[in-house]
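Peer 1: This is the structure, below, for whatever I ask next.
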Amino acid sequence: MKTLFISIAAFLTLGAVALPLTSCRDGNDFTPRNMLQLHNGDGNTDINLADCQFNLNNLPVENLSEAEKASLLFMREEEKLARDAYIKFYDKWGLNVFNNIQSSEQTHMDAVLQLIQKYYLTDPVGANSVGVFADDSLQALYNQLIPIGEQSVVNALSAGALIEEVDIVDLKNALNGVVDNQDIQLVYDNLGRASRNHLRAMVRNLANRGVTYVPQRLSQSEYEAIINGDWETGN
């Protein structure tokens with residue numbers, strides 16, 4: 001097996017270490033519906049938007065801090081970055097993993113949009129086309145990754161794995177240091193589990209090509225725990 005490492009500049013994150021999620025209505029009288037849908041094939045893991053909306057409707061509207069607001073707007077675009085990159089990589093290479101997971105990333109974007117709408121925030125995506133971002137750091141990351149991924153299928157898969165690492169770390173950090181609203185915690189927890197499946201899918205596709213992926217944002221122990229984890233639950 002050969003080892004591939006793509007060097008990418010340091011990228012913005014939102015916090016430190018994750019807290020365990022506990023999502024329930026005051027009085028413990030609400031059990032959230034399962035929102036994750038794992039499809040056969042390349043590990044693409046959707047958010048069921050009807051179940052997500054049901055959960056949001058049954059969880060209270062809590063005070064939204066400025067940090068939580070910023071996190072929601074950022075996460076909406078970070079999920080768009082993943083979707084847009086996979087659209088570009090599928091157009092270039094025609095690999096099913098990119099087509100399957102970009103459709104999942106659309107459901108991730110939509111789940112965050114449901115939160116944005118619940119709290120009457122202005123959507124940063126709006127009518128922006130593929131590859132266009134309001135956040136400068138996300139724009140810079142996208143601009144850096146796309147030329148790398150268009151050099152080869154292996155580079156594209158490795159860029160995809162990095163995108164999923166970034167997403168996992170940012171969600172984990174947000175859950176620790178930023179987010180305490182129950183509804184945001186619930187959505188972020190599910191997004192994180194889906195991203196772990198997507199990382200597994202990218203790594204598996206690399207392994208099928210004789211390439212060992214080297215984690216760039218996760219510690220080796222965190223990475224191995226994810227790779228050896230449960231596809232069905234995303235844990």
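Peer 1: Answer rounded, prolate or oblate for segment 118-185, using the Cα gyration tensor with square roots of eigenvalues a ≥ b ≥ c: rounded when a/c is under 1.5, else prolate when a/b is larger than b/c, else oblate.
Peer 2: The shape class here is oblate.
Peer 1: Give the residue from Leu186, Gln37, His198 lying farthest towards the positive end of the charge dipole for the chain; charges sit on Cβ (+1 for Lys and Arg, -1 for Asp and Glu) and the dipole is referred to the Cα centre.
Peer 2: After comparing all options, I get His198.
Peer 1: Which shape class applies to segment 117-235: rounded if a/c is under 1.5, otherwise prolate when a/b exceeds b/c and oblate if not, where a ≥ b ≥ c are the square roots of the Cα gyration tensor eigenvalues?
Peer 2: Taking the square roots of the gyration eigenvalues as a ≥ b ≥ c, segment 117-235 is oblate.
Peer 1: Over segment 45-227, how many pairs of lysines fall under 19 Å by alpha carbon, counting only those 8 or more apart in sequence or from different chains?
Peer 2: Step by step, the pairs that qualify in segment 45-227 add up to 6.
Peer 1: Neighbouring Cβ atoms within 10 Å as the yardstick, rank Ile227, Ile101, Ile168 fewest first.
Peer 2: Ile227, Ile168, Ile101
Peer 1: List Tyr120, Tyr142 from most exposed to least, where exposure is judged by having the fewest other Cβ atoms within 10 Å.
Peer 2: Ordered from fewest to most neighbouring Cβ atoms within 10 Å, Tyr120, Tyr142 come out as Tyr120, Tyr142.
Peer 1: Could you tell me whether segment 192-235 comes out rounded, prolate or oblate from its Cα gyration tensor? Rule is a ≥ b ≥ c as square roots of the eigenvalues, rounded for a/c under 1.5, then prolate if a/b exceeds b/c, otherwise oblate.
Peer 2: Oblate shape, in that a/c is at least 1.5 and b/c is the bigger or equal ratio.
Peer 1: Only Lys, Arg, Asp and Glu count, each charged at its Cβ (+1, +1, -1, -1), so figure out the dipole size of segment 33-176 about its Cα centre, rounded to 20 debye.
Peer 2: 200 debye
Peer 1: Here is a follow-up. Run lengths n ≥ 4 of DSSP H only: what is the helix-derived mean residue ellipticity at 222 nm for the chain, with -39500 (n - 2.57) per run over all residues, to the nearest 500?
Peer 2: Computed mean residue ellipticity for the chain: -19500 deg cm²/dmol.
Peer 1: Let me ask another. In nm, to one decimal, how far is the Asp110 label point from the Asn208 one, both placed 7 Å along Cα→Cβ?
Peer 2: Roughly 2.6 nm, to one decimal.
Quick note: the coordinates plus some simple rules give every number you see, no bench work behind them. As the structure is a computational prediction, the values presented were derived from the model and not from experiment. Because the Cβ atoms are built from the backbone with ideal geometry, glycine has one as well, and the counts that use them run over all protein chains shown.
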